[in-house]
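The values are calculated or read from the model by the stated rules, or taken from the named source; none is laboratory data. Everything quoted here is computed from the prediction, not taken from an experiment. Here Cβ is always computed from backbone atoms with ideal geometry, including for glycine, and neighbour counts include all displayed protein chains.
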Amino acid sequence: MQAINQHEIEKAKKAALEVLLHNAHGPFHGLPRTAGWGYPEPYTRDLMISILGIAVSENQELLDSIRKVLETLAKNQTEHGHIPSLVHDNDDRGASDTTPLFLLATGIFRKVTGEVDFLAEAVEKALVWMSYQSPSDRFLVAQQPTSDWRDEQWVIGKGLYVNTLVYSYLKILGKNGSAEKMRQEMGRFTITGGVMHRHVHEGLVVKHKPYYAFWSYKIFSSERFDLLGNSLAILSGIASPSRANEMISWIEEECSGMRDRGELTGDLPPNFFPFTKPEDPDWHERYSAYNQPGDYHNGGIWPFITGFYVAALVAAKRYRLAEEKLVALTLGIKLARSENLEFGFNEWIKAQDGKPKGNDWQTWSASMYLYAAKCVEEKSTPFFDEIRNE
């Protein structure tokens, strides 16, 4: 890597740590805040994802803050094991990804601290809750629309992202038999013929495509591309090395085509494509206000997701491309809506013009930058190396 790029990355890492320390104590019971200004609340999914960057930072203050988050979530866990969407509010329920993220984050925290029984009772309750989230009583879990991190986008039935989280927590918690059965279920094709035969169960593999379906449920599915879910599929080892390599080449080729068509600027991939447009059958009226093509969940560029993509590139041993994308991400996290910020760590960026549109100093944007940088530096993916190679 060129010295000038390495210098900028080191500056960005220092700035990311500053953001995380600034956000470590917020106005709600001293819990971390989700963003420096716009989101003072402790959102569970954001903070659970942030454990990756916090863990590799080895900063004790941040590790103490994430311990407090996990312990507070355990106290606010529902009777049946569900983890709330806000760390401090046990009435804010219904998210499909908070419980899987809690299980994954607790597994990571155990690895960091060596406390192998940390929150054992809460973990067991959460595992029972998750065992009841499969309508077919098999392995893939299902969800309601807008219940995962995409609170303005419909995912119906068995979503890729949530199921990659489930697979990952099963592996890190040592539930290898269940994880393998789940991987086999995900490896089935989606059902495209319009008829569901007896004892035929849908999976998430798309025929003639290297990536996994956005979601699948019975005879229905979406073949739009989910960058976060597919990056986690590579990181966790659900995707074989050959599939991972083919998928990455496909992503880069598709992004090149989008740039040629004026749908994308810069070198970072959108979180979702092709964009859903008003004339498409999966367009919803509410998208016109919140989810225009290239915006937010409908193709916005999210720095935290790009961090997962950089890590996936390292997992696939595409080291040169990982360096290139980390440099591009370093430029991306400079973008800010607030004045006088050298590094904005903004929430999301509009695909077509590269302008930051979300809140600055986002906790998961800063955290995943630290994690991505660590992956590139060490040519390894902390915690996920073990998940893949178990």
Hey, among G299, G257, which residue is modelled with pLDDT of 95 or more and surrounded by fewer than 19 Cβ atoms within 10 Å (Cβ to Cβ)?
-> G257
Restricting the search to region 93-105, which residues are in contact with a helix residue (DSSP H, G or I) (Cβ under 9 Å, 6 or more places away or on another chain) and either of a type in the set (G, A, S) or under 12 Å from R45 (Cβ atoms) (or both)?
-> A95, S96, D97, T98, T99, P100, L101, F102, L104, A105
Residue hits (region 10-32; closer than 22 Å to P84 by Cβ, in contact (Cβ under 8 Å) with a residue 60 or more places away in the chain and touching a Leu at 6+ places or on another chain (Cβ under 9 Å)) are F28, P32
Quickly run through region 211-245 and pick out the residues that are part of a helix (DSSP H, G or I), surrounded by 16 or more Cβ atoms within 10 Å (Cβ to Cβ) and not polar (S, T, N, Q).
-> L227, L228, G229, L232, A233, I234, L235, R243, A244
Within region 134-172, restricting attention to residues that are of a type in the set (D, E, K, R) and either touching a Cys at 6+ places or on another chain (Cβ under 7 Å) or part of a loop (DSSP other than H, G, I, E, B) (or both), which residue is surrounded by the most Cβ atoms within 10 Å (Cβ to Cβ)?
-> D148
Quick count over region 235-260, residues being farther than 15 Å from H208 by Cβ, out of contact with any Lys or Arg (no Cβ under 8 Å at 6 or more places or on another chain) and of a type in the set (A, V, I, L, M), is 4
Residue that is surrounded by the fewest Cβ atoms within 10 Å (Cβ to Cβ) [pool: residues in region 260-290 that are of a type in the set (S, T, N, Q) and in a loop (DSSP other than H, G, I, E, B)] | T265
Within region 99-122, count every residue that is of a type in the set (V, I, T) and crowded, with 21+ Cβ neighbours inside 10 Å.
-> 3
Mind listing whichever residues of region 283-326 are touching a residue at least 12 places away in the same chain (Cβ under 8 Å), in contact with a Lys or Arg (Cβ under 8 Å, 6 or more places away or on another chain) and either more than 26 Å from S168 (Cα to Cα) or of a type in the set (F, W, Y) (or both)?
-> P293, G294, D295, Y296, Y309, Y319
Answer with yes or no whether A366 is touching a residue at least 60 places away in the same chain (Cβ under 8 Å), touching a Phe, Trp or Tyr at 6+ places or on another chain (Cβ under 8 Å) and not in a loop (DSSP other than H, G, I, E, B).
-> yes
Inside region 248-289, the number of residues satisfying the requirement of being over 20 Å from L329 (Cα atoms) and touching a Phe, Trp or Tyr at 6+ places or on another chain (Cβ under 6 Å) is 1
Looking at region 321-378, which of its residues are within 16 Å of the chain's Cα centre (by Cα) and hydroxyl-bearing (S, T, Y)?
-> T363, S365, S367, Y369, Y371
